[in-house]
Amino acid sequence: MKRSLELLGVTSSGLEEPVFTHSYRKNDDELLKEALKVVDLNEQENFLRKFFENKPHGFVKSKSHLANLIKLKDPVYACDLIMSACQAAPINSECYYLFATIATENQAWSVANAALEVVKWLAFEQNGEMFRKSNELQEYILKQIQNGKVDNSKNPIWQNKAPEKYWILERLYFQSKLKKLKEYAFKLLKIFPHDKKNYTVVFKALVLIEDSNVLDEFINLINENLATDEVNKNLYLGMVYYHLNDFYLSGISLETLLKLDKRNAKAYLYLALNCLMQNKIKEFLVLFNKILPEADAEFTAVYFIYSALSSIQLEKVEFPNQKSVSREIKKIIEKMINVEQLITVNNLIAQFKALDYYLILPFLPLYLSELFIRKNDLNVAKQILNDCKDPEVHRLLAWIYRLTGENSRGEEELIKYRMNWIPNKSAGVHCKLVDLKLNDEIPSDKNGIFNLLKKAYEQTSEMIKQLDLEYGLNSMTCVETGCQDCCRKTFPYMSYTEYLLMCEWLKTQPGEFKKKVTESSQAIVSLYKSKYGKEPPFMSGESFDLNKEYPLDFVFECPYLGNNKCNVYEARPFTCRAYSYGSQDGVKYKGCNYFFEQLKGATKLNDVRKVLNMGSFYDFAKKTDEKLFGKRVIAPIPVWFAQSYEETLEKIKKI
């Protein structure tokens, strides 16, 4: 096994044998049902507390139930449970309402009020009863504030606890629910059209989508909602036009604003950035001197750029909040590259080094190097890392060497990286779902659909290759660990379309091999029948409970596994291809410990890891199934191959 993999200290896949299966393999409904069978509330609480010791993702209903049980005696843990539930279900208004009641009972009035604003936003037009209850509770809270009742919101246990609207929209972005993000962003402005803070929240969220049409809709809303507020209307128009690279219209809006409010720091900031993007360096410097700086990281980032362009020596003391500042500088540099201000960019990079700004912002060279690697400017990326001592340098150098085919040098750098930094075993990461770009229009003929399916597989392979490079993943992990647990202890589901393609592949194989696949599949189906007293089902419809039909204690060896290898590798289904690189919901990681620990240890620059959005493929497969068969059908591999194609077809017609 490669030394870089050994250093992570992973000794098993984490896919336990059924007899040792841990309770975390229950689903939410099963767990809650089991807990409610316990009559004594203290025992019920202890049962759920023990379950959540390992901090599993999801389990929204069970976490909410436990939070309700302990909200008086342990409000801190109750709030942690609720916010953990919100990670999985960011637009569940009931979770935030429960959070608000906990804060109310502990007289944290401001925190409770902020949570109720969120509840009203999420429940608006969808849950009238929840909207009414939140209004009533909010009226009570506002009376307490007006009557001067002591507010515990500033107590340490409540600091930074209030749910943030941007955080909710950002979760939707991570879960690749971009339509929902847009819907709830615009809903926020519909409910609270005159609350200026919400426009900043919506701007930051919509920028994530990178869709100019969505920003055009935002412009229309700004003009409509803020028609009588010239200052804020022109501020947000200036910000949006800047992001759209329309520096002319951005400048007009911001200059109009400054005629009305000559001290508006944000307007000067964006006007200065407009000049920077147009290479108007003198104007940029003049405008910066008019800014009354605020505490935001973007102001500090522009301060460093101004100082670099002015050749100002700064005190060599590490700067506070430097990660956020460094990220903002990187964003500005990236935008300058995109608008082709390369001379100024090169000048800034040289100045950052000459003026020793990397001593003040040690994370800055790491973020900048990562940016230039993504831009495929590897020489600049390596130059930036010269004299940088952070262990992250080794991860970035490994990425560069692997990109240039110098795999042995890449392995050496990964070893150095992991010898200096391995994350805490209990640390978690957030998944950022990355969609496959698949056709919405599905052809009518089978061969046309097969071509699209093969392209989806090719795209999956390319995305996996990029993730391997960026995160320093060992693409031969399964071979090097000698582990085949995913082929023996998980459920490789496949769609009807994938089954048809695999049938085409199977026709080209020797008769003896086809016979083995059929017999192995039949043995697994017989095992299911004897264990559960029914035929293993094919599943169809918009939704179904996989764990109900195929309980997690039912495991089998894939009929295509043999001689220590996958014997259908080139025709294997998407579930197998994306395993350990994907997630279906952005909350639950679909993979094994060998890969997950590599992902966790990939970088310390952030706690977000890009993973394949498996749901984007399943949506595509649903459309192809409907085109070929009239409805979506999925089942585990052996259920498809336990009989002839004709017999399989007759079975799925009866669903």
Check: For the subset of the range 216-257 comprising residues that are of a type in the set (Gly, Ala, Ser) and under 22 Å from LEU188 (Cα atoms), which member is surrounded by the fewest Cβ atoms within 10 Å (Cβ to Cβ)?
Finding: ALA227
Notebook entry, point to check: Which pairs have Cβ atoms under 7 Å, sit 6 or more apart or on different chains, and link a residue in the range 278-296 that is without any contact (Cβ under 8 Å) to a residue 60 or more places away in the chain to one that is outside any helix (DSSP H, G or I)?
Noted result: LEU285/SER310; LEU292/ARG263
Next item on the list: Return a yes/no flag: does the range 59-82 have any residue that is more than 26 Å from ILE145 (Cα to Cα), in contact (Cβ under 8 Å) with a residue 60 or more places away in the chain and not aromatic (Phe, Trp, Tyr).
Entry: no
Note to self: I need a count of the residues in the range 103-146 that are in contact (Cβ under 8 Å) with a residue 40 or more places away in the chain, part of a loop (DSSP other than H, G, I, E, B) and of a type outside the set (Phe, Trp, Tyr).
What the structure shows: 4
Check: Residues of the range 39-92 being within 22 Å of the chain's Cα centre (by Cα), assigned to a helix (DSSP H, G or I) and exposed (fewer than 15 other Cβ atoms within 10 Å of the Cβ), which ones?
Finding: ASN54
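One line per residue, one yes/no per condition, for (1) assigned to a helix (DSSP H, G or I); (2) surrounded by fewer than 21 Cβ atoms within 10 Å (Cβ to Cβ); (3) over 24 Å from the mean Cα position of the chain (by Cα); (4) not hydrophobic (A, V, I, L, M, F, W, C):
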| position | (1), (2), (3), (4) |
| --- | --- |
| VAL380 | yes, yes, yes, no |
| LYS389 | no, yes, yes, yes |
| TRP399 | yes, no, no, no |
| GLU412 | yes, yes, yes, yes |
| ILE415 | yes, yes, yes, no |
Check: In the range 462-493, which residues are outside any loop (DSSP other than H, G, I, E, B) and either modelled with pLDDT under 95 or of a type in the set (Lys, Arg) (or both)?
Finding: LYS465, THR477, CYS478, VAL479, GLU480, THR481, ASP485, CYS486, CYS487, ARG488, LYS489, TYR493
Note to self: Test of understanding: among GLU294, GLU328, GLU315, which residue is out of contact with any Gly (no Cβ under 9 Å at 6 or more places or on another chain), outside any helix (DSSP H, G or I), under 21 Å from THR200 (Cβ atoms) and among the acidic types (Asp, Glu)?
What the structure shows: GLU294
Notebook entry, point to check: Are any residues in the range 26-56 in contact (Cβ under 8 Å) with a residue 40 or more places away in the chain and in contact with a helix residue (DSSP H, G or I) (Cβ under 6 Å, 6 or more places away or on another chain), and if so, which ones?
Noted result: ASN27
Note to self: Please go through the range 346-357 and give me each residue that is surrounded by fewer than 19 Cβ atoms within 10 Å (Cβ to Cβ) and part of a helix (DSSP H, G or I), ordered by number.
What the structure shows: ASN346, ASN347, ILE349, ALA350, GLN351, LYS353, ALA354
Notebook entry, point to check: If you scan the range 167-191, which residues turn out to be out of contact with any Asp or Glu (no Cβ under 8 Å at 6 or more places or on another chain) and assigned to a loop (DSSP other than H, G, I, E, B)?
Noted result: LYS177
Margin query: Looking at (1) modelled with pLDDT of 95 or more; (2) out of contact with any strand residue (DSSP E or B) (no Cβ under 9 Å at 6 or more places or on another chain); (3) of a type outside the set (Gly, Ala, Ser), which one does TYR173 not meet, given that it meets all the others?
Written below: (2)
Note to self: Of everything in the range 245-263, what is touching a helix residue (DSSP H, G or I) at 6+ places or on another chain (Cβ under 6 Å) and not charged (D, E, K, R)? Give them in sequence order.
What the structure shows: PHE247, LEU249, SER250, GLY251, SER253, LEU254, THR256, LEU257, LEU258, LEU260
Notebook entry, point to check: Going through the range 435-451 one residue at a time, which ones are crowded, with 18+ Cβ neighbours inside 10 Å and closer than 30 Å to LEU403 by Cβ?
Noted result: LEU436, LEU438
Item checked: Residue list for the range 596-624, restricted to those being over 20 Å from GLN459 (Cα atoms), more than 14 Å from the chain's Cα centre (by Cα) and surrounded by 22 or more Cβ atoms within 10 Å (Cβ to Cβ) -> GLN598, GLY601, THR603
Item checked: the range 625-655, subset aromatic (Phe, Trp, Tyr) and closer than 20 Å to SER520 by Cα, residue farthest from the chain's Cα centre (by Cα) -> TYR645
Margin query: For the list (1) aliphatic (A, V, I, L, M); (2) more than 19 Å from ILE333 (Cβ to Cβ); (3) part of a helix (DSSP H, G or I), I need the number of the one condition that VAL302 fails.
Written below: (2)
Note to self: Of everything in the range 510-550, what is modelled with pLDDT under 90 and either assigned to a helix (DSSP H, G or I) or surrounded by fewer than 16 Cβ atoms within 10 Å (Cβ to Cβ) (or both)? Give them in sequence order.
What the structure shows: GLY541, GLU542, SER543, PHE544, ASP545, LEU546, ASN547, LYS548, GLU549
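The values are calculated or read from the model by the stated rules, or taken from the named source; none is laboratory data. Predicted model, so just to flag it, every value in this text is computed and none were measured. Glycine also receives a Cβ, built like all others from the backbone with ideal geometry; neighbour counts cover every protein chain displayed.
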